[in-house]
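Encoded as structure tokens, the structure appears first; notes follow it.
The values are calculated or read from the model by the stated rules, or taken from the named source; none is laboratory data. Since this is a predicted model, take the numbers as computed values, not measurements. Cβ coordinates were reconstructed from backbone atoms using ideal geometry, including for glycine residues, and neighbour counts include every protein chain displayed.
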Amino acid sequence: MRAVAGVWRWRHNPLRRSTDRSEGWLALTALLLIALAAPVLGWICGALTDDALQESVRAQQAHRHLTAAVVVRRAAAPPRFSGDQESSSGRAAQTSVVATWRAPDGRPRKGTVSTASKVGGPGSRVRIWTDDAGRPALRPMDPPTAHTHAVLAGVGVFLLATGFVEAGRRLVLWRMTRRRYARLDRAWARAGPDWGRTGTGT
């Protein structure tokens, strides 16, 4: 913004260099990209991510089932999947147990699961999530959590786009400055040997 304002104030100044106008246009272009293009990219990414996650939520809720399992004993090692969680966005205190349960088709199953339910002794019941085959599964994601992830993805894309625009602006400005200094060096090399001598240029 300072570059754009400075060029606008100096637009009629006879000391203005040709590169000043280019720098002003460069800053204005970067500002427009950050103010307009980056939010649009973030919104598009967030919307697409939300659509994909909501579809995943529907698929998980259709193919994951909450069931009651009977505790056989406490487990020594943690399982691969958590059976029951208070929410899909955060973990409650988990207890690993060896339990038996029935798959959705009625077949008996046994394995090591973890649960946030209060665990008693052998024979107590805990809640676990299973897939269609009766295998332990993660709790399905809920729509608000999916929406939050989509918003974070959109914000991340916006920040990434903003960073790319600013990095590109700085790179182009650096190259313009190097070319300007190179032209000054060449002009000084031509005028330097005769600079300050009486009658130079006459």
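Values as computed for the structure displayed
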quantity: Selection from the range 119-144 of residues that are of a type in the set (S, T, N, Q) and modelled with pLDDT of 90 or more; calculated: T130
quantity: Sole exception among (1) assigned to a strand (DSSP E or B); (2) closer than 20 Å to Q60 by Cβ for P104, by number; calculated: (1)
quantity: Count of the range 22-73 residues which are part of a strand (DSSP E or B) and β-branched (V, I, T); calculated: 4
quantity: Qualifying residue in the range 100-111 (condition: in contact with a Pro (Cβ under 8 Å, 6 or more places away or on another chain), β-branched (V, I, T) and modelled with pLDDT under 90); calculated: no
quantity: Residue list for the range 135-148, restricted to those being out of contact with any helix residue (DSSP H, G or I) (no Cβ under 6 Å at 6 or more places or on another chain) and crowded, with 17+ Cβ neighbours inside 10 Å; calculated: P136, A137, R139
quantity: Any hit, the range 125-134, residues being charged (D, E, K, R), more than 13 Å from A69 (Cβ to Cβ) and surrounded by 13 or more Cβ atoms within 10 Å (Cβ to Cβ); calculated: yes
quantity: Only one of L15, L28 that is over 30 Å from A99 (Cα atoms), modelled with pLDDT under 90, surrounded by 12 or more Cβ atoms within 10 Å (Cβ to Cβ) and not assigned by TED's automatic domain parsing to the domain that holds S114; calculated: L28
